Amino acid sequence: MEQTNLTTDPMREQLYLAALLHDIGKFYQRADTGAVHSSKYIKEETRKLEAIICPLYDGSYSHKHVLWTAQFISDYENVFNNLLQKAKLSGLNSNQKLLQLAAAHHLKPEQLSFEGRIIREADHLSSGMDRSTDIAFQDEQDESKWDSFKTKRMVSVFEGVLKPKHIHQLHLPVEPINLKKSFFPQTDFGDPDYAALWKEFNNEFKFLQQENYRDFSETFLYLLYKYTCTIPSSTINFPDVSLYDHLKTTAAIAVCLYDWEQEAEDKNSDPFLLIGADFSGIQDYIYNIISKSAAKNLKGRSFYLKLLSDSVVRLLIDRLNLFEANVIYNAGGGFYILAPNTPATKEKLEEVTHFNENQIFETHGTSLYVAIDSVSISKATLMGTDHKNTLGTRWGELFEKRDSKKKQRYQQRLVADYSSFFEPGKTGGTALRDAITGEEIPEGEEFVFLLDGSKLRKSDAGATGNEVVSELTYKQISLGRKLREADVWVISRKPLTYWSDRESINPGNLGVYYYFLTEKDIKKKAEELKASADSVKIITINGKENGEVDFLNTMIQGCNNVYGFEFFGGNDFPADGKGDPKFFDELAGEEGFRRLGVLRMDVDNLGLIFQKGIKTHQSSFSRYAALSRNLDWFFKGYLNTLWRKNFSDTTYIIYSGGDDLFIVGHWNQCIAFAEKIRQEFKAFTCMNQNLNISGGIAIITPKYPIKKAAEESAEAEKAAKNFMGDTKNAVCFLGRALGWDNEFPVVASLKESILQWLQADKLTKSFISKLNAHYAMAEAESKDKEFTLPPKLYWMMAYDFSRLTTRLQSAEARQLIEQCKTDVVSNTIHGKRFETYHALQLWHLAARWAELEYRTKNNNN
């Protein structure tokens, strides 16, 4: 599918930029030291606009932040005039049209142009409230409350999830986005320094040199993300929604309204289409690896699926002529896009859906499928006035439609091309197979690759006797390595001839090309990029090692490209001397007791959170966007910080994004990493008892098939999710699910005590063997019944442990054994009784864990 010419309506693109700018004055005003008439930034010409663009309410002008919006546009008059001239927009002189669109949105509808009314309504719908009501006219940035609104901070969207009434106690820092722990919600802050933040923002804004609206606006969107994602959009009504989320969703809604108003046949129809998609087959595809070289391919294979999902999104945005802001969420093999509900949109959506299905089928057969569906959204739903069709309800309906479609995968293809599914193919038997995946190498491929990267003709492969892989597998292996080395991803809708010497990948043959380059590569091709007729997208990955994000340092002046940044969970890995991923075998330890851990985790009840987690009267589109974006920041971004600080030598982040993760590494480090992730997740989500994360860990030998290990970790995660019915909030390893809040801390504490005295040679391993024997007896007696201790076990334990203590010299070790005996008899630990397990079960698990750790530390088989 060829690229669509996106620049077709300059007025529409100006509308998009104006919507992104419409509340920039809230940021600018906070950075000022005075009110309108004492401002050090507002010029006299702008002051005169007060009676023109500020609404009159109760005898006074309100919403004066629009004057700072107007001043910002005036400050950069040359920049915006240049865009106007290149777009050849007629009408008002200079940038007056843009200024009126962006700054006059609080006026009455009859005072505005068609486009102005669009932005006004989009502003209302984004925030879920009518800005013309008395409540909305309580302007938090009123001059009488000058010091108040400048010192108020944004609160986290997580703190109030699933809570009917809540007083926010934690606040967010006012600083550029970064991947540091200091970006978490906190209690101890001084007054925010908006002036310093505004200065940094302006310094970077000056780098924006694009000469067309789309590239300029899309780069500006990333700049807004960097600097306004912790600035509250409102300090009265919406303190947990950032200015960034409000500006982004307003722009998305404005574009949809613009198209719907002009194209919809039925003006009583819902104006919006919420498009949702989800890939199925991801787990099987990633882990379908039979070779010992799994570590070399697993990272690239996982990353390939991320690029495949991104390609589907870019294709939809291109074909539907939408913008980056219309992508509400994109992670974990799923995405949501807000589009106009018009006949043209529906027709193009069906067209691109069929194209995606066919291309993915041709490339991957039935192993992968993307289910794409949509639901219409009304204005009343976005405003929160339709209590039957709430935003959460409509989102839930989209979940159901999408999941239903996944059960009928390739239905149309099945009818149209029956033979490809059910009739024998031409290959099989002696067909050449991929050494890593075990799949047949496609018949049409002329070349194959050795594991060292050497290329040879497929017809000659059998004669070499060497293991070979398909071109796709080779590129996936290469992807994992390049991901670590690259500073930027360059994305284009066609191959870039000036980088013909660099390998690209076109996932699913969808027509989206990715190059993985360094900053030097970009600067070397500055002239070619300037001369390119079609813009490309240049994305900086994960920022700097110190956690800061700097994405405009690769910008080339006069170059019409989109510049942005993205977080990706696990772009680095433990490497060997050649820079390749270490084999999993190397992570299991050097000698003695060598085991790997395979960890899976995801957020509990996320579907419920999206459907019911936000109170109906606060159910704004921008708030849902904020919820998704913040989860993404934690899993795609901050997890890299955690990994780099504590676990970079012993674990791989195979995948992390959306709300889940998959990690392979040293068995004990996987348990420690899971505990750390849970601790940090709880801190990031404000210790909200309704927001939890569960996980499962499979502990395996180094040679164990990764596909089987992935299945076992999935079963362990399922056991954690079923902990105490549906309580969840648990972790499962060594065959036992433990609640994070109660059971896990107790077992970890007992494990440390046992290990301490084992390491000090004050406790013998006979204590563990006797404990294991008594546990086995109790388990055999219980069979399928509730775990209970037979009466004879009490006196047998008392006898065995009493004999054992007489042979121990250490008072501490004797005390530990006495504690164990007391706990088992009383069925309490530290005086606490557990609903889920008998004390003996918890002591047994702690002893097993301590024994494995002792064997690991002492190289003991």
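The values are calculated or read from the model by the stated rules, or taken from the named source; none is laboratory data. These numbers come from a predicted model, not from an experiment. All Cβ positions, glycine included, derive from the backbone under ideal geometry; neighbour counts span all protein chains shown. Accessible surface areas use protein heavy atoms only, side chains included; no ligands, DNA or RNA. Shrake-Rupley method; radii C 1.70, N 1.55, O 1.52, S 1.80 Å.
Here are the numbers for this structure:
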{"quantity": "Which numbered condition residue 284 misses (of (1) outside any loop (DSSP other than H, G, I, E, B); (2) at pLDDT 85 or above; (3) charged (D, E, K, R))", "calculated": "(2)"}
{"quantity": "Hits in segment 755-782 (condition: of a type in the set (Val, Ile, Thr) and open to solvent by 40 Å² or more (accessible area, probe 1.4 Å))", "calculated": "764"}
{"quantity": "Any chance residue 621 is more than 25 Å from residue 299 (Cβ to Cβ), open to solvent by less than 10 Å² (accessible area, probe 1.4 Å) and of a type outside the set (D, E, K, R)", "calculated": "yes"}
{"quantity": "The lone exception for residue 248 - which of (1) charged (D, E, K, R); (2) surrounded by fewer than 24 Cβ atoms within 10 Å (Cβ to Cβ); (3) touching a residue at least 24 places away in the same chain (Cβ under 8 Å); (4) over 30 Å from residue 408 (Cβ atoms) it fails", "calculated": "(2)"}
{"quantity": "Number of positions in segment 699-730 that are without any contact (Cβ under 8 Å) to a residue 60 or more places away in the chain and either crowded, with 21+ Cβ neighbours inside 10 Å or touching a helix residue (DSSP H, G or I) at 6+ places or on another chain (Cβ under 6 Å) (or both)", "calculated": "2"}
{"quantity": "Candidates 30, 47 - the one that is of a type in the set (Lys, Arg) and either open to solvent by less than 10 Å² (accessible area, probe 1.4 Å) or on the phi > 0 side of the Ramachandran plot (or both)", "calculated": "30"}
{"quantity": "Single residue of segment 521-574 satisfying the filter (basic (Lys, Arg) and over 30 Å from residue 602 (Cα atoms)) that is modelled with the highest pLDDT", "calculated": "537"}
{"quantity": "Residue count, segment 815-836 (criterion: over 20 Å from residue 772 (Cβ atoms) and open to solvent by 50 Å² or more (accessible area, probe 1.4 Å))", "calculated": "6"}
{"quantity": "Residue 464 being in contact with a helix residue (DSSP H, G or I) (Cβ under 7 Å, 6 or more places away or on another chain) and either surrounded by fewer than 18 Cβ atoms within 10 Å (Cβ to Cβ) or at pLDDT 85 or above (or both)", "calculated": "no"}
{"quantity": "Only listed residue being on the phi < 0 side of the Ramachandran plot, open to solvent by 10 Å² or more (accessible area, probe 1.4 Å) and in contact (Cβ under 8 Å) with a residue 60 or more places away in the chain, chosen from 275, 282, 337, 317", "calculated": "282"}
{"quantity": "Selected residue [over 24 Å from residue 756 (Cβ atoms), assigned to a helix (DSSP H, G or I) and either open to solvent by less than 20 Å² (accessible area, probe 1.4 Å) or hydroxyl-bearing (Ser, Thr, Tyr) (or both)] from 799, 854", "calculated": "799"}
{"quantity": "Hits in segment 179-193 (condition: surrounded by fewer than 20 Cβ atoms within 10 Å (Cβ to Cβ) and of a type outside the set (Gly, Ala, Ser))", "calculated": "180, 181, 184, 186, 187, 188, 189, 191, 193"}
{"quantity": "Selection within segment 509-518 - closer than 17 Å to residue 485 by Cα and surrounded by 14 or more Cβ atoms within 10 Å (Cβ to Cβ)", "calculated": "514, 515, 516, 517"}
{"quantity": "Every residue from segment 41-50 that is more than 16 Å from residue 112 (Cβ to Cβ) and not basic (Lys, Arg)", "calculated": "41, 42, 44, 45, 46, 50"}
{"quantity": "Qualifying residue in segment 839-851 (condition: open to solvent by less than 10 Å² (accessible area, probe 1.4 Å), in a helix (DSSP H, G or I) and either farther than 30 Å from residue 666 by Cα or of a type in the set (D, E, K, R) (or both))", "calculated": "no"}
